[in-house]
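What follows is a short report on a single structure.
The values are calculated or read from the model by the stated rules, or taken from the named source; none is laboratory data. All of these numbers come straight from a predicted model, not from anything done at the bench. Cβ placement follows ideal geometry from the backbone for every residue including glycine, while neighbour counts extend to all protein chains displayed.
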Amino acid sequence: MLPSHLRDLTDQAVDYARAHHHGEGHTVAAAVLTKSGAVIFGLNAYHFLGGPCGEIAALANHAAQAPDDPIDAVVAVHGPTGEVIAPCGRCRQVLFDKDPEILSVVRSQRGLEAMPVRDLLPHAFDQRSIDQEQRIYMWEGYEQSIRGGSKRQTVRVDDPFRQGPALLVFEKENGAAVSLPADVTGVVHLRRTELTEEHAQKDGFDSLAELQAALDRHYPSLHADAPVDVVSFHVTNRV
């Protein structure tokens, strides 16, 4: 989970990326958050001879607009999809050289989280990942209910998805992983307090109380009015 100020930063970066991406030259936007709370944006400028990434552009804008206001966090977003992406190797190094304690929002198997740029190596940006199907990581205990059709949705926190093809991934305790092809058919943004008995039934639970208890297990610090995404899906026969 993200703290609220980094969730807000990410939302602003996503909105900026979706609004300003254009053609092949401007596909990634970045936003930096300063210690005072200011948000400064940047947009990449691709060229075959090289060009600044969104993070580098945001750092340049920061240097021009607020050089005495240290950077606290950064997030980069792929404009055409609205997906949060990890900084590339060059940007990681530049951010590290600026301040290794700058927090970078990245996506892991647990959803969006923030970590210091010094710890980013396991989340290196991979251009190939943009064209891959989104992956929805599931607790292995849900596999049978999903295969049987009683579980047709999942409630996620700081783990955004979009409509379209996906892989449901069940990681086993023995280290094995099982994947099922699926299609995400809908994503609804709610507050936890707005979940209903119908949501619980589509999630494979007998009651809303059981769904809420499962949320407490998966997200122990989730408060009553926290934002959640209700992600609907169905398993397909794609190979």
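What the table shows:
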read-out	value
Flag for residue 75 being surrounded by fewer than 18 Cβ atoms within 10 Å (Cβ to Cβ) and out of contact with any Asp or Glu (no Cβ under 7 Å at 6 or more places or on another chain)	no
Residue that is farthest from residue 32 (Cα to Cα) [pool: residues in the stretch 113-141 that are modelled with pLDDT of 90 or more, in contact with a strand residue (DSSP E or B) (Cβ under 7 Å, 6 or more places away or on another chain) and part of a helix (DSSP H, G or I)]	140
So residue 97, is it more than 17 Å from residue 16 (Cα to Cα), assigned to a strand (DSSP E or B) and more than 17 Å from the chain's Cα centre (by Cα)	no
Cβ pairs under 6 Å, 6+ apart, first in the stretch 107-136 and of a type in the set (Gly, Ala, Ser), second modelled with pLDDT of 90 or more	111/158; 111/159; 114/6; 114/103; 114/105
Any chance residue 110 is of a type outside the set (A, V, I, L, M), modelled with pLDDT of 95 or more and under 22 Å from residue 205 (Cα atoms)	no
